[in-house]
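Quick notes on the structure that follows.
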Amino acid sequence: MSKKSRPTKGKDSARKHREQPSSVRDEREYPVAKNEEYEAEIIGLTHDGEGVGRVNGFTLFVAGALPGERARVKVLKVKKQYGYAKLLNVLEASPDRIAAPCPIFDQCGGCQLQHLSYEAQLRHKRQIVVDALERIGKLPVAGVGADDTSAAGAIPVHPVIGMPNPWNYRNKAQVPLGEVEGGLVGGFYAQGSHRIIDMDACMIQHEANDDVISKVKEIASSLGISAYKEETGEGLLRHVVAKIGFRTGEIMVVLVVNGDKLPQQEAFVDSIREAIPGVKSICMNRNTRQTNVIFGDRTDVLWGSETIYDYIGDIKFAISARSFYQVNPVQTEVLYRTALDYAALTGGETVIDAYCGIGTISLFLAQHAGRVYGVEIVAEAIADARRNAALNGLANVDFAVGKAEEIIPTWRADGITPDVIVVDPPRKGCEPELLDTMLAMRPERIVYVSCNPATLARDLRVLVDGGYRVEEVTPVDMFPHTVHVESVTQLVKNETGRGNA
Ligand code: SAH
């Protein structure tokens with residue numbers, strides 16, 4: 001039951017508005033008012049993980065609330081079509097609500113969905129994909145199991161492939177450092193500020209990384225090394241970056257330093273080696289710019305090797321201080337196996353891997369294809385890709401630096417005719433020029449790996465209109481407890497006229 005009823009609109013109230021102070025005016029125009037408390041019905045969950053509440057027919061976004069709940073909320077902000085409210089207390093809880101396991105879930109902001117059971121998170125992520133396909137792509141989605149009464153051509157969207165243990169999955173930690181009396185702290189920035197909150201363990205981080213961060217903080221404190229202060233640009237140690245190869249156990253520590261030297265470097269390195277037995281590489285990156293970008297341009301090895309190694313499937317990857325590498329290696333393998341499965345290679349195919357990064361998918365494909373062409377805009381990533389191809393003895397891959405939408409048309413002009421095109425674009429999806437070129441090249445199959453269901457749906461519409469059929473979609477949970485939704489879609493050349501409408 002709400003406290004306020006919908007205001008009557010009319011000439012009278014319009015005239016009164018001009019005479020009222022703005023706070024009162026808000027109350028008259030909108031069915032809710034700032035700073036007032038209401039009871040809200042929560043009817044949905046946004047892509048950002050906020051509850052969608054209704055009060056007097058008005059939409060209020062309520063962080064922390066879940067669909068199916070009734071909650072007492074306090075309005076923070078009112079806009080024309082919707083507003084924001086703070087969750088005061090849950091009056092009727094969703095059966096999917098759980099107590100967030102992490103004690104700093106509310107303050108940290110790194111995870112958004114810990115208050116939702118993992119099973120419900122996976123259902124929510126599937127629904128985001130389904131909604132995008134239907135609403136943005138105007139594509140028909142098949143029902144699940146016995147409910148499937150959908151028409152021919154309706155697209156199966158499979159359940160999200162989750163993790164058996166959705167914790168400690170990250171292989172990389174990047175922690176900003178600060179100072180308090182008595183030593184260094186490091187953890188995360190308090191919400192809406194750059195105040196650093198100290199943290200000893202992150203539940204989605206590999207335990208070895210947490211251990212590295214704690215030990216480095218201790219060692220730096222005992223050596224009296226200062227932390228960088230963003231406001232003044234003074235102080236030395238900016239970030240500690242810890243990386244671990246899940247399959248090899250090899251550990252890399254990168255100290256990001258505001259300056260050219262680390263005082264007592266030798267003692268620092270010796271202490272790290274003593275405290276962290278698995279360490280294979282200790283690097284220092286210099287970043288003297290007043291910026292919130294973590295890395296500067298120069299990296300030196302202080303001790304050990306320049307790289308650590310890890311495997312995805314049976315492909316070995318070299319990981320350097322700056323190289324891009326997927327942060328959840330367990331689910332990355334699941335994602336790539338799905339992409340490989342959808343590529344349906346028999347050994348002789350020509351394949352294009354667009355947005356190839358360090359060539360991870362390309363190398364997976366190369367083991368089963370005739371020739372693979374990878375393209376990526378970041379030159380350092382392509383250098384890593386070439387190195388990784390050599391490391392695995394894969395000679396049937398060619399990598400190019402550039403924009404996919406510019407390089408692939410030149411390949412077309414050169415007479416390259418792919419049987420399969422794989423794309424894995426950033427959040428904004430594929431450029432229209434690339435989609436046009438793909439349609440002109442007309443490969444047998446297209447595999448679309450996506451981190452954003454909205455742009456996926458937009459691009460699938462173009463491909464379907466251009467003569468492809470969406471066969472199926474498999475979402476994979478790469479980032480449990482966060483709102484990220486990754487998926488793999490298989491499209492095939494539509495020769496039968498059996499489209500998706
Ligand atoms: N397939 C890789 C990386 C995917 S992330 C993997 O699985 O690891 C998307 C990649 O696209 C990033 O590496 C980014 O640098 C690259 N990128 C962004 N815009 C691009 C463009 N227009 N052309 C080619 N690559 C681009």
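The values are calculated or read from the model by the stated rules, or taken from the named source; none is laboratory data. In this text the structure is predicted, and so the values were computed from the model without any measurement. All Cβ positions, glycine included, derive from the backbone under ideal geometry; neighbour counts span all protein chains shown. Keep in mind that these areas ignore ligands, DNA and RNA; they rest on the heavy atoms of the full protein, side chains included. Shrake-Rupley method; radii C 1.70, N 1.55, O 1.52, S 1.80 Å.
I'd like the full set of residues that are in a helix (DSSP H, G or I) and touching a strand residue (DSSP E or B) at 6+ places or on another chain (Cβ under 6 Å), limited to region 415-444. Lay out the reasoning, then the answer.
Pass one, region 415-444, residues in a helix (DSSP H, G or I): 432-441.
Once the filter is applied, which keeps residues that are in a helix (DSSP H, G or I) and touching a strand residue (DSSP E or B) at 6+ places or on another chain (Cβ under 6 Å), region 415-444 yields only Met438.
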Residue in region 365-404 that is surrounded by the fewest Cβ atoms within 10 Å (Cβ to Cβ), counting only those that are within 9 Å of the ligand (Cβ to nearest atom) and assigned to a helix (DSSP H, G or I): Ala381
Open to solvent by 20 Å² or more (accessible area, probe 1.4 Å) and within 25 Å of the chain's Cα centre (by Cα): is that true of Arg238 in this structure? no
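Matching residues to (1) in contact with a strand residue (DSSP E or B) (Cβ under 7 Å, 6 or more places away or on another chain); (2) surrounded by 21 or more Cβ atoms within 10 Å (Cβ to Cβ); (3) within 28 Å of Asn328 (Cα to Cα):
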residue	(1), (2), (3)
Pro67	yes, no, no
Val75	yes, yes, no
Lys86	yes, no, no
Gln114	no, yes, yes
Ala120	no, no, yes
Lys125	yes, yes, yes
Pro156	yes, no, yes
Asn165	no, no, yes
Between a first residue in region 312-338 that is without any contact (Cβ under 8 Å) to a residue 24 or more places away in the chain and a second residue that is part of a loop (DSSP other than H, G, I, E, B), which pairs have beta carbons less than 8 Å apart while being 6 or more apart in sequence or on different chains? Glu333/Gly313
Residue in region 99-107 that is among the aromatic types (Phe, Trp, Tyr) and open to solvent by less than 30 Å² (accessible area, probe 1.4 Å) present: no
For Leu435, only one of the following conditions fails: (1) within 19 Å of Glu405 (Cα to Cα); (2) away from the ligand (no atom under 16 Å from the Cβ); (3) free of Cβ contacts under 8 Å to residues at least 60 places away in the same chain. What is its number? (2)
Conditions (1) over 16 Å from Asn89 (Cβ atoms); (2) modelled with pLDDT of 70 or more -> Val24 fails only (2)
Given the conditions (1) under 23 Å from Arg371 (Cα atoms); (2) of a type in the set (Lys, Arg); (3) under 22 Å from the mean Cα position of the chain (by Cα), and given that Lys493 satisfies all but one, which numbered condition is not satisfied? (3)
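Among the residues of region 285-310, count how many are touching a Ser or Thr at 6+ places or on another chain (Cβ under 7 Å) and on the phi < 0 side of the Ramachandran plot. Walk me through it before giving the result.
Let us first name the residues in region 285-310 that are touching a Ser or Thr at 6+ places or on another chain (Cβ under 7 Å), namely 285, 296, 301, 304-310.
From the residues that got through so far, the ones that are on the phi < 0 side of the Ramachandran plot too are 285, 296, 301, 305-310.
Qualifying residue count for the region: 9.
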For region 38-53, give me the residue count where each residue is more than 27 Å from Ile104 (Cβ to Cβ) and more than 29 Å from the chain's Cα centre (by Cα). 3
Hand me the list of strands (runs of 3 or more DSSP E) wholly inside region 134-204 holding 2 or more residues that are over 27 Å from the mean Cα position of the chain (by Cα) and in contact (Cβ under 8 Å) with a residue 12 or more places away in the chain. 172-180, 183-189
Selected residue (criterion: surrounded by the most Cβ atoms within 10 Å (Cβ to Cβ)) from residues of region 341-352 that are more than 12 Å from the ligand (Cβ to nearest atom) and part of a strand (DSSP E or B): Val351
Tell me yes or no: at least one residue of region 488-500 is open to solvent by less than 10 Å² (accessible area, probe 1.4 Å) and more than 28 Å from Ile407 (Cα to Cα). yes
Taking Ile407 and the conditions (1) among the hydrophobic types (A, V, I, L, M, F, W, C); (2) within 11 Å of the ligand (Cβ to nearest atom); (3) open to solvent by less than 30 Å² (accessible area, probe 1.4 Å), which numbered condition does it fall short on, given that it satisfies the others? (3)
Looking only at region 56-65, filter to residues that are small (Gly, Ala, Ser) and under 22 Å from Ser117 (Cβ atoms); which one of those is surrounded by the most Cβ atoms within 10 Å (Cβ to Cβ)? Ala65
Of those in region 445-463 that are in contact with a strand residue (DSSP E or B) (Cβ under 8 Å, 6 or more places away or on another chain) and free of Cβ contacts under 8 Å to residues at least 60 places away in the same chain, the residue farthest from Tyr355 (Cα to Cα) is Leu463
Residue list for region 411-428, filter: of a type in the set (Lys, Arg) and either more than 17 Å from Tyr355 (Cα to Cα) or over 17 Å from the mean Cα position of the chain (by Cα) (or both): Arg412
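Among the residues of region 412-426, are any assigned by TED's automatic domain parsing to the domain that holds Leu463, free of Cβ contacts under 8 Å to residues at least 60 places away in the same chain and within 16 Å of the ligand (Cβ to nearest atom)? Full working, then the answer.
As a first pass, look at region 412-426 and keep what is assigned by TED's automatic domain parsing to the domain that holds Leu463: 412-426.
Keeping just the survivors that are free of Cβ contacts under 8 Å to residues at least 60 places away in the same chain gives 412-415.
Adding the requirement that they be within 16 Å of the ligand (Cβ to nearest atom) leaves 412.
Yes: one or more hits.
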Scan region 362-382 and tell me whether some residue there is among the polar types (S, T, N, Q) and within 15 Å of Val447 (Cα to Cα). yes
For region 223-340, list the strands (runs of 3 or more DSSP E) that sit wholly inside it and hold at least 2 residues that are within 16 Å of the ligand (Cβ to nearest atom); which are they? 308-312, 315-319
